[in-house]
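The values are calculated or read from the model by the stated rules, or taken from the named source; none is laboratory data. This structure is a prediction, so every number in the text was calculated from the model and none was measured. Positions of Cβ are backbone-derived with ideal geometry, glycine not excepted, and every protein chain shown enters the neighbour counts. SASA here: full protein model, heavy atoms, side chains in, ligands and nucleic acids out. Shrake-Rupley method; radii C 1.70, N 1.55, O 1.52, S 1.80 Å.
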Amino acid sequence: MQEKWNEYAKLLVEVGANVQKGQTLMLSSPIECAPFARLCASAAYGAGCREVVVIWGDDALNRERFLRADDAVFDEVPAWTRHLYNDYAEENAAFLAISARDPEALRGVDPKRISRSQLARFKALDPFYTAQMNNSLAWCIGSVPIPSWAKKVFPDVDEREAMDRLWDAIFEAVRIKGDGKAVERWREHLALMDKRTQKLNELHFKTLHYTNSLGTDLTIELPADHVWAAGAATTPRGQIFVANMPTEEIFTAPLKTGVNGVVYAALPLVVNGNVVDGFHFVLKDGKIVEAHAKTGEEFLKAAISVDENACYLGEVALVPYDSPISNQNILYYNTLFDENARCHLAFGRAYPECVEGGDKLSNEELEARGLNQSAAHNDFMIGTADLSIVGATADGREIPVFTEGNFAI
């Protein structure tokens with residue numbers, strides 16, 4: 001286990017964030033993950049990192065804050081937080097986030113407080129978020145188990161066994177086998193994803209039509225100059241990084257006003273510390289005009305109401321149903337993993353790299369090119385074993401993209 005921990009920490013630092021000699025690393029982690037965070041810090045210093053700056057988080061204290069803090073604080077972001085993120089982004093630091101939280105950490109919290117806090121943080125940290133979305137800095141999100149999360153995933157076993165099983169599942173998802181060859185496996189995986197991405201870009205689809213037995217019947221128009229992306233990205237300084245570990249998706253952006261129909265979620269969504277299940281959206285001219293859920297509907301509606309554009313889609317992602325994470329048959333209750341098990345969409349902000357030259361455009365210019373701009377970005381999973389996606393080209397050709405849940409191209 002220790003060998004796997006060390007290999008995983010090295011993978012996140014050297015391939016995920018790809019920390020360079022003399023570069024600062026901003027490392028955020030739950031306090032429960034401190035032993036693993038220390039391994040990441042050690043790996044970073046081993047790679048020649050100038051300094052590791054650590055930001056600790058705590059589910060319990062965060063919950064106390066949302067329940068009991070003065071109401072005004074949810075519209076504020078202290079100056080030190082703004083400087084911490086924005087200044088280090090300007091200084092070309094690398095960012096590594098360990099994503100691990102209780103999926104229901106904020107159950108019972110007023111959703112309006114959560115939305116207000118999210119919007120205030122987005123506005124205050126706009127330079128950081130813009131640099132991140134533009135791939136102007138190297139960043140990576142990885143994950144390790146914590147007890148509350150492990151018990152949610154494996155409720156029928158005791159805490160220790162749940163932790164062990166979640167560790168094993170995560171190692172499998174990120175190609176860690178304890179043999180020291182994870183970096184080699186990741187390079188092979190990224191190369192395969194690049195080939196399929198090139199094929200999609202060559203087809204220049206105008207629309208994608210989604211259907212399945214859940215009731216999804218959705219047509220998504222794509223920007224004329226859209227770009228599919230996957231796996232690794234490169235900063236303007238030439239630093240190659242992998243933003244999500246694991247990653248199985250190939251993604252682009254929809255035309256903001258070009259989405260029509262109904263789409264049903266295939267898996268629950270954890271949003272702002274609450275679980276939303278059994279939900280679907282109705283969209284007209286790109287806007288979510290109806291949102292219904294069997295569980296957590298109020299949190300779903302709050303999430304698509306953070307700002308005026310949170311109710312538009314910002315991402316279209318293709319993931320085969322027959323994929324390594326999907327084949328584990330585990331509901332992770334963590335978007336980092338669940339989004340890489342199924343085809344998914346995201347409501348909220350689009351990635352600038354999804355149109356040609358997008359990384360050099362302002363938010364207003366991106367909006368003019370059809371890419372949604374918002375404080376939100378929430379992925380939700382729609383892939384099923386019978387999902388069909390048919391792409392239509394500008395010259396009227398119809399080409400199967402997905403058949404029976406998997407790639408047809």
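Do the conditions hold for Asn372, that is, is it open to solvent by 10 Å² or more (accessible area, probe 1.4 Å), modelled with pLDDT of 95 or more, within 15 Å of Met133 (Cβ to Cβ) and in a loop (DSSP other than H, G, I, E, B)?
Numbers: open to solvent by 10 Å² or more (accessible area, probe 1.4 Å): no; modelled with pLDDT of 95 or more: yes; within 15 Å of Met133 (Cβ to Cβ): yes; in a loop (DSSP other than H, G, I, E, B): yes.
For Asn372, the condition - open to solvent by 10 Å² or more (accessible area, probe 1.4 Å), modelled with pLDDT of 95 or more, within 15 Å of Met133 (Cβ to Cβ) and in a loop (DSSP other than H, G, I, E, B) - is not met.
Could you look through the range 195-216, keep only residues that are within 18 Å of Asn406 (Cβ to Cβ) and among the charged types (D, E, K, R), and pick out the one that is most open to solvent (accessible area, probe 1.4 Å)? Full working, then the answer.
First pass over the range 195-216, keeping only residues within 18 Å of Asn406 (Cβ to Cβ): 195-197, 199-200, 203, 205, 208-214, 216.
With the extra rule that they be among the charged types (D, E, K, R), the set shrinks to 195-196, 199.
Values: Lys195: 139, Arg196: 92, Lys199: 91 Å².
The extreme case among them is Lys195.
Can you tell me which of (1) open to solvent by 30 Å² or more (accessible area, probe 1.4 Å); (2) modelled with pLDDT of 95 or more is the one Asn272 doesn't meet?
(2)
Would you check if Tyr332 is open to solvent by less than 10 Å² (accessible area, probe 1.4 Å) and part of a loop (DSSP other than H, G, I, E, B)?
Working: open to solvent by less than 10 Å² (accessible area, probe 1.4 Å): yes; part of a loop (DSSP other than H, G, I, E, B): yes.
When the stated conditions are applied, Tyr332 passes them.
Given Ser362, Ser374, which one is free of Cβ contacts under 8 Å to residues at least 12 places away in the same chain, under 24 Å from the mean Cα position of the chain (by Cα) and more than 18 Å from Ile250 (Cβ to Cβ)?
Details: Ser374 fails: free of Cβ contacts under 8 Å to residues at least 12 places away in the same chain.
Going through Ser362, Ser374 in turn, the sole match is Ser362.
Would you confirm whether or not the range 84-92 contains a residue that is buried (at least 19 other Cβ atoms within 10 Å of the Cβ), over 24 Å from the mean Cα position of the chain (by Cα) and either touching a residue at least 12 places away in the same chain (Cβ under 8 Å) or closer than 29 Å to Trp149 by Cα (or both)?
No, the conditions are met nowhere in the range 84-92.
So, in the range 217-256, how many residues would count as being over 21 Å from the mean Cα position of the chain (by Cα) and either part of a strand (DSSP E or B) or buried (at least 23 other Cβ atoms within 10 Å of the Cβ) (or both)? Lay out the reasoning, then the answer.
Pass one, the range 217-256, residues over 21 Å from the mean Cα position of the chain (by Cα): 217-219, 221, 223-225, 236-238.
Filter once more, so that each one left must be either part of a strand (DSSP E or B) or buried (at least 23 other Cβ atoms within 10 Å of the Cβ) (or both): 217-219, 221.
Residues flagged as over 21 Å from the mean Cα position of the chain (by Cα) and either part of a strand (DSSP E or B) or buried (at least 23 other Cβ atoms within 10 Å of the Cβ) (or both) within the range 217-256 amount to 4.
Taking only pairs six or more apart or across chains, which ones have beta-carbon atoms under 6 Å, a first residue in the range 207-224 that is hydroxyl-bearing (Ser, Thr, Tyr), and a second residue that is at pLDDT 95 or above and in a loop (DSSP other than H, G, I, E, B)?
So the pair list comes out as Tyr210/Thr216; Ser213/Asp386.
Which members of the range 155-214 meet the condition of being farther than 19 Å from Ser326 by Cα, outside any helix (DSSP H, G or I) and of a type in the set (Val, Ile, Thr)?
Val157, Thr207, Thr211
Name the pairs whose Cβ atoms lie under 8 Å apart, with the first residue in the range 50-79 and open to solvent by 80 Å² or more (accessible area, probe 1.4 Å), the second in a loop (DSSP other than H, G, I, E, B), and 6 or more positions between them or separate chains?
Hits for this filter: Arg50/Gly22; Arg50/Gln23.
Only one residue in Ala385, Ala394 is surrounded by fewer than 22 Cβ atoms within 10 Å (Cβ to Cβ) and modelled with pLDDT of 95 or more. Which one? Break it down stepwise before answering.
Values: Ala394 fails: modelled with pLDDT of 95 or more.
Only one candidate qualifies: Ala385.
Being of a type in the set (S, T, N, Q), under 28 Å from Val13 (Cα atoms) and assigned to a loop (DSSP other than H, G, I, E, B), is that true of even one residue in the range 113-122? Walk me through it before giving the result.
Filtering the range 113-122 for residues of a type in the set (S, T, N, Q) gives 115, 117-118.
With under 28 Å from Val13 (Cα atoms) added as a condition, the list becomes 118.
Now narrow it down to the ones that are assigned to a loop (DSSP other than H, G, I, E, B): none.
Looking through the range 113-122, none of the residues is of a type in the set (S, T, N, Q), under 28 Å from Val13 (Cα atoms) and assigned to a loop (DSSP other than H, G, I, E, B).
Only residues that are open to solvent by less than 30 Å² (accessible area, probe 1.4 Å) and in a helix (DSSP H, G or I): list them for the range 141-154, please. Talk me through it step by step, then tell me what you get.
Initial filter on the range 141-154 (open to solvent by less than 30 Å² (accessible area, probe 1.4 Å)): 142-146, 149-150, 153-154.
Selection gives Trp149, Ala150, Val153.
Take the residues in the range 303-329 that are over 18 Å from Arg175 (Cα atoms), in contact with a helix residue (DSSP H, G or I) (Cβ under 7 Å, 6 or more places away or on another chain) and not small (Gly, Ala, Ser); name whichever of them is least open to solvent (accessible area, probe 1.4 Å).
Val306
Only one of these conditions is not met by Gly46: (1) out of contact with any Pro (no Cβ under 8 Å at 6 or more places or on another chain); (2) buried (at least 18 other Cβ atoms within 10 Å of the Cβ). Which number is it?
The failed condition is (2).
Could you identify the single residue in Ala173, Ala191 that is surrounded by 15 or more Cβ atoms within 10 Å (Cβ to Cβ) and of a type in the set (A, V, I, L, M)? Outline the logic, then answer.
Details: Ala191 fails: surrounded by 15 or more Cβ atoms within 10 Å (Cβ to Cβ).
Of the residues listed, the single one that is surrounded by 15 or more Cβ atoms within 10 Å (Cβ to Cβ) and of a type in the set (A, V, I, L, M) is Ala173.
Out of the residues in the range 15-40 meeting the condition of being farther than 14 Å from Val52 by Cβ and of a type outside the set (A, V, I, L, M), tell me which one is surrounded by the fewest Cβ atoms within 10 Å (Cβ to Cβ).
Initially, the range 15-40 is screened for residues farther than 14 Å from Val52 by Cβ, giving 15-16, 18, 30-33, 35.
With of a type outside the set (A, V, I, L, M) added as a condition, the list becomes 16, 18, 30, 32-33, 35.
On the way: Gly16: 28, Asn18: 21, Pro30: 21, Glu32: 23, Cys33: 21, Pro35: 9.
So the residue we want is Pro35.
In the range 335-367, how many are part of a loop (DSSP other than H, G, I, E, B) and surrounded by fewer than 23 Cβ atoms within 10 Å (Cβ to Cβ)?
As a first pass, look at the range 335-367 and keep what is part of a loop (DSSP other than H, G, I, E, B): 339-343, 349-351, 356-357, 361-362.
With the extra rule that they be surrounded by fewer than 23 Cβ atoms within 10 Å (Cβ to Cβ), the set shrinks to 356-357, 361-362.
Residues flagged as part of a loop (DSSP other than H, G, I, E, B) and surrounded by fewer than 23 Cβ atoms within 10 Å (Cβ to Cβ) within the range 335-367 amount to 4.
What tally of residues in the range 289-344 results from selecting those that are β-branched (Val, Ile, Thr) and under 17 Å from Glu404 (Cα atoms)? Break it down stepwise before answering.
We begin by selecting, within the range 289-344, every residue β-branched (Val, Ile, Thr); these are 289, 295, 304, 306, 316, 319, 325, 330, 335.
When the remaining residues are screened for being under 17 Å from Glu404 (Cα atoms), the result is 319.
So the count comes out to 1.
Which pairs have Cβ atoms under 6 Å, sit 6 or more apart or on different chains, and link a residue in the range 341-358 that is closer than 18 Å to Val271 by Cβ to one that is open to solvent by 10 Å² or more (accessible area, probe 1.4 Å) and among the β-branched types (Val, Ile, Thr)?
If the second residue must be open to solvent by 10 Å² or more (accessible area, probe 1.4 Å) and among the β-branched types (Val, Ile, Thr), the pairs left are Phe347/Ile304.
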